[in-house]
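Student: Structure in structure tokens, see below.
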Amino acid sequence: MDVKQKIWNQWVTMLHKQEERSKHREMLLLNQIKKSMLDYEKVGSLSITELHVIQAIGNHDAMNVTSIAQRIGVTKSAISKITGRLIKKSLIERYQLEDNQKEVFFRLTPGGETVYSFHELFHARLEKHMHKFLERYNEKELRFLEEVMVAATAELDKDWVNE
């Protein structure tokens with residue numbers, strides 16, 4: 001088997017493991033949230049994108065549909081739907097500035113703050129784990145890995161189906 005095929009096989013394996021682990025982490029996170037929220041049944045499940053919308057709102061002041069869409073890289077119509085669901089789940093609320101009644105912004109509710117805090121804790125743990133993993137590589141290897149990751153991410157954005 002040539003090296004390119006080995007890399008492809010490892011890439012597919014890594015993506016599958018990432019998906020598996022992501023679902024497992026999501027379940028752990030939701031269980032933590034469930035234990036800490038009295039009205040969790042109203043929340044139900046949360047998608048990764050919903051969590052990232054909560055994170056964007058929690059990290060920045062005066063977030064509207066456009067700014068959230070730009071920050072997490074999804075369409076404004078998707079953000080409109082997601083914010084609607086998060087409002088129904090009582091995790092975020094709409095508000096308007098007194099001097100600008102035209103634009104709608106979002107902020108976290110107390111329940112949203114709880115979800116945000118647990119999500120931030122999970123992200124910090126993941127980042128710490130990744131930094132520890134990367135310690136085994138020297139600076140030159142890390143630069144090459146960064147180059148590969150940037151190129152691979154750009155490749156995933158391409159419409160390869162229609163090529």
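The values are calculated or read from the model by the stated rules, or taken from the named source; none is laboratory data. Since this is a predicted model, take the numbers as computed values, not measurements. FYI the Cβ positions are ideal-geometry reconstructions off the backbone, even for glycines, and counts take in every protein chain you see. Protein only, heavy atoms only, side chains kept; ligands, DNA and RNA dropped before computing areas. Shrake-Rupley method; radii C 1.70, N 1.55, O 1.52, S 1.80 Å.
Student: Ignoring everything except DSSP H segments at least 4 long, calculate the 222 nm mean residue ellipticity for the chain; use -39,500 (n - 2.57) per segment, divide by total residues, nearest 500. Walk me through the numbers before you get to the answer.
Tutor: Details: 7 runs with 115 residues, N = 163.
When only DSSP H runs of four or more count, the value is -23500 deg cm²/dmol.
Student: Once you put a point 7 Å from the Cα of residue 36 and another 7 Å from the Cα of residue 98, both along the Cβ direction, what distance in nm separates them?
Tutor: In this crude spin-label approximation the distance works out to 3.3 nm.
Student: Using alpha carbons only, how many degrees (0 to 90, rounded to 10) separate the axis of helix 48-59 from the longest principal axis of the chain?
Tutor: 60
Student: Run the numbers on segment 45-163 and let me know its relative contact order in percent, using alpha-carbon pairs under 8 Å that are six or more apart.
Tutor: Working: 92 pairs, mean separation 26.9, N = 119.
23 percent.
Student: Quick check: convex hull of the Cα atoms in segment 14-69, volume per residue, rounded to a whole Å³? If you can, show how the numbers build up before the last one.
Tutor: On the way: hull volume 6.2 nm³, N = 56.
Spread over its residues, the Cα hull of segment 14-69 gives 110 Å³ apiece.
Student: Shifting gears a bit: Charges on Cβ only, +1 for Lys and Arg, -1 for Asp and Glu, centred on the Cα centroid of segment 1-158; of 64, 104, 123, which one is farthest towards the dipole's positive end?
Tutor: Looking along the dipole axis, the top candidate is 123.
Student: So which of 76/128; 17/128; 17/81; 34/88; 81/102; 17/132 end up more than 21 Å apart by C-alpha?
Tutor: Values: 76/128 32 Å; 17/128 19 Å; 17/81 29 Å; 34/88 17 Å; 81/102 19 Å; 17/132 19 Å.
Exceeds cut-off: 76/128; 17/81.
Student: Report the Cα-based extents of segment 98-163 along its three principal axes, largest first, to the nearest Å.
Tutor: The Cα atoms of segment 98-163 stretch 52, 38, 24 Å along their principal axes.
Student: Could you tell me what percent of the accessible area of the chain is made up of carbon and sulfur, with a 1.4 Å probe and every protein chain present? Intermediate values should be presented prior to the final figure.
Tutor: Numbers: 6650 of 12080 Å².
Carbon and sulfur atoms account for 55 percent of the accessible area of the chain.
Student: Would you please calculate the Kirkwood hydrodynamic radius of the chain over all C-alpha pairs and express it in Å, rounded to one decimal? It would help to have the intermediate numbers written out before the result.
Tutor: Working: mean 1/r = 0.0542 Å⁻¹.
It is 18.4 Å.
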